[in-house]
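First the structure, in the form of structure tokens, and then the observations on it.
The values are calculated or read from the model by the stated rules, or taken from the named source; none is laboratory data. Small disclaimer: the values here were computed from a predicted structure and weren't measured. Note: ideal-geometry Cβ built from the backbone for every residue, glycine included; neighbour counts use all protein chains shown. The area values use the complete protein model at the heavy-atom level, side chains included, leaving out ligands, DNA and RNA. Shrake-Rupley method; radii C 1.70, N 1.55, O 1.52, S 1.80 Å.
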2 protein chains.
Amino acid sequence: MVDGQPLRILILGGGFGGVYTAMALGRRLGRDPRVEITLVNRDNYLVFQPLLPEVIAGSIGILHTIIPIRRLCPRVRLYTREIEEIDLLRQTVITSPGVDHQATTLHYDHLVVALGNTTRLGEVPGLQEHAFPFKYLGDALALRNHVLHALEEAAVETDPDVRQSLLTFVVAGGGFSGVEVAAELNDFLRKAAANYQGIRTDEIRVVLLQGGARILPELSDSLASFAHEKLLHRKVDVRLGTRIAGATAEFAILKSGEKIRTRTLVSTVPMGAHPLLAAQSWKMEKGRVVVDEFLQVAGHPGVWAVGDCAYSLNAATGQPHPPTAQHALRQGQCVAANIAATLRGSPPTAFSFSTLGQMGALGAHSAVADVMGVKLSGFLAWLLWRGIYLTKIPGIDRKLRVSMDWLLDLLLPPDIVQLKTARPAGIDRQHFEPGQIIFSEGDVGDLVYTIVKGEVEVLREGLGETARPLAQLGPGQWFGETALVGRAPRNATVRALKPLDVLTLDREGFNSLFTHVRPLHQFFSDLIRERSAISG
Amino acid sequence: MVDGQPLRILILGGGFGGVYTAMALGRRLGRDPRVEITLVNRDNYLVFQPLLPEVIAGSIGILHTIIPIRRLCPRVRLYTREIEEIDLLRQTVITSPGVDHQATTLHYDHLVVALGNTTRLGEVPGLQEHAFPFKYLGDALALRNHVLHALEEAAVETDPDVRQSLLTFVVAGGGFSGVEVAAELNDFLRKAAANYQGIRTDEIRVVLLQGGARILPELSDSLASFAHEKLLHRKVDVRLGTRIAGATAEFAILKSGEKIRTRTLVSTVPMGAHPLLAAQSWKMEKGRVVVDEFLQVAGHPGVWAVGDCAYSLNAATGQPHPPTAQHALRQGQCVAANIAATLRGSPPTAFSFSTLGQMGALGAHSAVADVMGVKLSGFLAWLLWRGIYLTKIPGIDRKLRVSMDWLLDLLLPPDIVQLKTARPAGIDRQHFEPGQIIFSEGDVGDLVYTIVKGEVEVLREGLGETARPLAQLGPGQWFGETALVGRAPRNATVRALKPLDVLTLDREGFNSLFTHVRPLHQFFSDLIRERSAISG
């Protein structure tokens, strides 16, 4: 702290840990002109995750699961930016550009790291490309819209196999998040089906995959069995002792090798460290930053970590504190107190807290709860679940809106509008398993493909003849350009020979890019000429 | 109609015209197994446009301005697809693929065209790239999120020019739509500013541009002046006799040559024909399909058109019916009756309807209304406005939800959460005017550019020296790749010499595409080597 300059406290991340640190600091130091409190977060809101599954069914207003950070921390300077770089030596953080192309460099005297963790889909083939994560509001919305798309298509689909795959929904992960998503999804689908002429409720299948021997390992055996029974009773297909091993657009692959035909795979496992954290010089444990009992990062005075990204031990049990909101917000308050103490020259306080309880909603007015040793299940647990979260959601505004949503939800049928958002011309990725058809002769040519990894064969099926192989293609090679350029149906079938990763480019992207890029224009003109010569 | 086959009625478009045709047909013929009614629409919902401006402020739930079509027309088969082709000769319509890559071909005996019109931004340079249209729910959401982004950035921006441009909002078009958007935006911004430390209400400027001599040409002089006064009183800068002549990311250009520094330009003018309609053999007038008094397309028996896309004359006045919802829905009902009459062998009925009235909201509990000759303005008109639209919005579900939204809106502060939706790696377009800087030395390298039209110069500014030109680039040439590949700041400044259209590719798109595309990889490696040799 330079004389005359304010002391700068910088908080990274706007989840429960970051926001509650900022709220507590704002109350303690916000009016002090010698202190400047800044928070950086990708969004200008805090996500109230317990209510996120309700967005799927639209039983809660989309905006009501999120709370504006500015309302919660009026005395804190907020940057709604991505974080590009943390420099512990220079004591600076660089954010992504806001307007124009200038990045912002923020200096700090105290740094509070509250960056949570990220969904890590990359390790299972095809998961990154084809599974829906479920962590942010955007994820919940994307899942809702995709599920409605599946119902819309199933209602007019005539191929029974495609229909079945459209009406099968797989949720991987049997912890709180997976169970709540599966339960909510199942309820919503069965209610919504009433609006779809020709979809019968008994055609809908929701599958919950859990690697362990039982669901909800966070809870006691008896509550977990209660939840399991409830899910079975509502026709959720609970599969224990099995994990996801791969995914394509058309099926999910289990560890056993079994393939489940589905167009909707949600992954609620596993979580990884935020990439910026792993790149620092501090000590990490299980993807989390190691902190001492005061939540300070060892060897880095003035640097603190809270919430899911902090590895802090419970002094009583010797175990790390679990990554839950109730811990994150109390750690935030503790760090705020410790920073204030440091400024006063008082000693810091050790963090101490034990889980108050855990609750999970099971849909259809049922839940399980374990609150301070009291175990509850069923309707009473559900009332408690709603009551507790209603008191926990910050701000009278949100409490009122959510109560109103819940009231209307009791009276009205579920909402089935599918909210598509504008999609720019784009590049995407897809994964295919050996033997899978990428496209068939006669299909609409809507994408062009380039192979990142793997191999395909190109086949021509004459009238009544067996398929005749035309070519084999490997990494760096393209296919699908002829139909796209000529706006004609596909003139060949392409099938994966090995596990295949491709980049795809849609028609708009292909056209705008390749009309204006000379080397590509030449390359594709040559390619099309050459291939039309071969296939004659 | 082949014996034994059902008679197929196909409706294209799910606006008021299409949906009310489907509703009326469903009631008349929906239970008749010999008739099959099908509707094709991009979305599975009807947009209730009068309430769309309220989405900007979040004073109404996002999903409450749209109504599921399946609920309104339970006996109608719905395809939520794009329409790719209309073939009047073969009596078929081809839709975009649903799942996988198969298009669907639909055959019809009667065709009802209700495709509305589209926002045509293409004719003014830069409008397509930089103006927000305001027609669909997605437009309203995109505008809301952009406006909140502008507030977020203004709150932390230190450059006074950039700050001013962030806090200036321009709405082009002084008809109902433009006036309602400007009024709603203005109210919302002034209320929301209270949550932004360091933004003063008097820094916010909303500009309404109108080409004619007065706003609201749809209404009487006295009501228009009332509305004009109200807007001025609320500090909206109403500019008459001026039009938009161009746009860039940084300013709006008026016909007079004046430039208004702004980051937010909304265009509510002008509308054009749906591209599929213009490609048909039928007669068009002012971008609309010409129909006879029975709403049948001349020379095409069994083909009907309703709503904004139909050019039908008012027999009493000789003028075309205006493109409003009240006409569209009555035309839909008329066509449904005429198709039913045709099936019975009865004569069709001519369409006859005169505008009942018009209303426009002015924000802050004020409106103007002209209902069956009675002119109202102010609070009473606003109550009437809300009352009428509440009765007009279809379904008890939506009536209840909207009433509740309005009630809560009176009690609670406006919602300022900025809902970003996931954006895939992408290709985009931008427009620049001569002299404008595309990027400056030292900026973050976040995009790579290729020139579609125009010319730029590349400048190097040494320490304390004047800028030294390095190169001039024209159509087909690239710039900005060095910083992107090297993840370094820009090593030069690029300025537009002529009006410039560029394609941009973001870092993710550039990397994924150019890592895997050999000719491009070679091209860029050569380019970077060559340019680093020149600039030494």
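To the nearest µm²/s, what D does Stokes-Einstein give for chain A at 25 °C and 0.890 mPa s, using the Kirkwood radius over alpha carbon pairs as Rh? Please list the in-between numbers first.
Values: Rh = 26.0 Å.
It comes out at roughly 95 µm²/s.
Cβ-Cβ distance of B:Ile94 and A:Glu84, R₀ of 41 Å, FRET efficiency by 1/(1 + (r/R0)^6): the value works out to about 0.30.
Using R0 = 60 Å, the C-beta based FRET efficiency linking B:Leu232 and A:Leu232 works out to 0.35.
Expressed to the nearest 5 percent, the antiparallel share of DSSP beta bridges inside the protein assembly as shown is 65 percent. Taking one quarter of the surface of the C-alpha convex hull of the range A:1-73 gives a mean projected area of 5.4 nm².
Per-residue SASA remark: A:Cys73, around 10 Å² accessible (1.4 Å probe; ligands, DNA and RNA not included). Each label was represented as a point 7 Å from its Cα along the Cα-to-Cβ direction; for A:Asn511 and B:Asp526 these points are 2.9 nm apart. Dimensions of the range B:128-287 from C-alpha coordinates, computed as largest minus smallest value along each principal axis and given longest first, are 59, 37, 32 Å.
Count, for each residue of A:136-149, the Cβ atoms from other chains sitting within 10 Å of its Cβ, then give me the mean as a whole number.
Values: counts 2, 4, 5, 1, 0, 4, 2, 0, 0, 1, 0, 0, 3, 4.
Taking all residues of A:136-149 together, the mean is 2.
Sorting A:Leu384, A:Leu219 on solvent-accessible area from highest to lowest, probe radius 1.4 Å, gives A:Leu384, A:Leu219. Evaluated at q = 0.19, 0.20 Å⁻¹, a Debye calculation over the C-alpha positions of the range A:117-180 (equal weights, vacuum) places log10 I(q)/I(0) at -0.87, -0.94. Which of A:Thr391, B:Gly212, A:Phe169 sits closest to the plus end of the dipole of the protein assembly as shown, meaning its Cα is farthest towards the positive end, when Lys and Arg get +1 and Asp and Glu get -1 on the C-beta? About the Cα centre, the residue reaching furthest to the positive side is A:Thr391. By the Kirkwood approach, averaging reciprocal distances over each pair of separate Cα atoms, the protein assembly as shown gets a hydrodynamic radius of 31.5 Å. Peptide B:67-80 is shielded by partner chain Cβ atoms: per residue, an average of 4 of them sit within 10 Å of its Cβ. Annotation: A:Lys191 carries an accessible surface of approximately 120 Å², with a 1.4 Å probe and no ligand, DNA or RNA atoms counted.
Using a/c under 1.5 as the rounded threshold, could you call the range A:92-221 rounded, prolate or oblate? The axes a ≥ b ≥ c are square roots of the C-alpha gyration tensor eigenvalues, and prolate needs a/b larger than b/c, oblate otherwise. Verdict is prolate for the range A:92-221. Whole-Hz Karplus values for the range A:44-59 come out as 8, 9, 9, 8, 8, 4, x, 8, 4, x, 5, 5, 4, 7, x, 6 Hz, taken residue by residue from phi with 6.51 cos²θ - 1.76 cosθ + 1.60 and θ = phi - 60°; glycine and proline positions read x.
Once you keep just the Cα pairs under 8 angstrom separated by 6 or more residues, what percentage relative contact order results for chain A?
Details: 1090 pairs, mean separation 74.0, N = 536.
About 14 percent, as a whole number.
May I ask for the Rg/Rh ratio of the range B:190-237, computed from Cα atoms with Rh as the Kirkwood radius, given to two decimals? Kindly include the intermediate steps, with their values, before the conclusion.
On the way: Rg = 13.9 Å, Rh = 12.5 Å.
Checking Rg against Rh, the ratio lands at 1.12.
Between the label point of A:Met284 and that of the same position in each other copy, find the distances and list them shortest first in nm, with every label point placed 7 Å from Cα along the Cα-to-C-beta direction. With the label placed 7 Å along Cα→Cβ, A:Met284 yields 5.8 nm. For B:Glu82, the accessible surface of its heavy atoms amounts to roughly 90 Å² (probe 1.4 Å, protein chains only, rounded to the nearest 10). Kirkwood hydrodynamic radius, computed over distinct alpha-carbon pairs, for the range A:338-416: how many Å, to one decimal? One decimal place: 15.5 Å for the Kirkwood radius.
Plugging the Kirkwood radius over Cα pairs into Stokes-Einstein for the range A:226-355, at a temperature of 4 °C and a viscosity of 1.567 mPa s, what D comes out in µm²/s?
On the way: Rh = 18.0 Å.
My calculation gives 72 µm²/s for D.
Computed from the C-beta positions of A:Leu407 and A:Thr105 and an R0 of 51 Å, the FRET efficiency is 0.60 to the nearest 0.05.
Summed over both chains, the area buried between B and A is near 8000 Å², taken from the accessible surface of protein heavy atoms with a 1.4 Å probe.
Kindly give the semi-axes, whole Å and largest first, of the ellipsoid equivalent to the range B:371-475, taking each as the square root of 5 times a Cα gyration tensor eigenvalue.
Details: eigenvalues 593, 73, 56 Å².
Values for the range B:371-475, descending: 54, 19, 17 Å.
Working note: Debye formula, equal point scatterers on the alpha-carbon atoms of the range B:1-156, no solvent; log10 I(q)/I(0) at q = 0.12, 0.19 Å⁻¹ is -0.64, -1.20.
Rounded to the nearest whole Hz, the Karplus-based 3J(HN,Hα) values (6.51 cos²θ - 1.76 cosθ + 1.60, θ = phi - 60°) of the range B:106-117 follow the sequence 10, 9, 9, 9, 10, 10, 10, 9, 9, 8, x, 9, with x at glycine and proline.
Here is how far apart the A:Pro217 label points are across copies: 6.9 nm, shortest first, using a point 7 Å from Cα toward Cβ.
Converting phi to 3J(HN,Hα) with the Karplus coefficients 6.51, -1.76 and 1.60 and the offset θ = phi - 60°, the range B:141-153 yields 5, 4, 5, 3, 5, 5, 4, 5, 4, 4, 5, 4, 6 Hz in sequence order, with x at every glycine or proline. For the range B:302-347, the alpha carbon positions stretch 31, 20, 16 Å along the principal axes, listed from largest to smallest. Considering only chain B, what is the antiparallel percent among its DSSP beta bridges, to the nearest 5? If we restrict to bridges inside chain B, about 65 percent are antiparallel.
State the answer as a single residue: which of A:Pro320, A:His274, A:Val290 lies farthest towards the positive end of the charge dipole of the range A:228-372, with beta carbon charges of +1 for Lys and Arg and -1 for Asp and Glu, about the Cα centre. In the range A:228-372, that residue is A:His274. Computed over protein heavy atoms with a 1.4 Å probe, the accessible surface of chain A works out to 41 Å² per residue. Label-point distances for B:Gly486 to the equivalent site in the other copies, using a point 7 angstrom along Cα→C-beta, read 4.5 nm when ranked shortest first.
Cross-link partners for A:Lys230 among the lysines, with Cα-Cα distance under 19 Å and sequence neighbours closer than 8 places in the same chain left out: A:Lys191, A:Lys375. Note on B:Glu293 and B:Ser256: the model spin-label points, each 7 Å out from Cα along the C-beta direction, lie 4.9 nm apart. Remark on the range A:453-528: hydrodynamic radius 13.8 angstrom, per the Kirkwood mean of 1/r across alpha carbon pairs.
The slack in the chain from B:Thr317 to B:Gln5, taken as 0.36 nm per residue of separation less the alpha-carbon distance, amounts to 108.0 nm. Dipole of chain A computed with +1 at Lys/Arg Cβ and -1 at Asp/Glu Cβ about the Cα centre; of A:Gly373, A:Leu484, A:Asn117, farthest Cα towards the positive end is A:Gly373.
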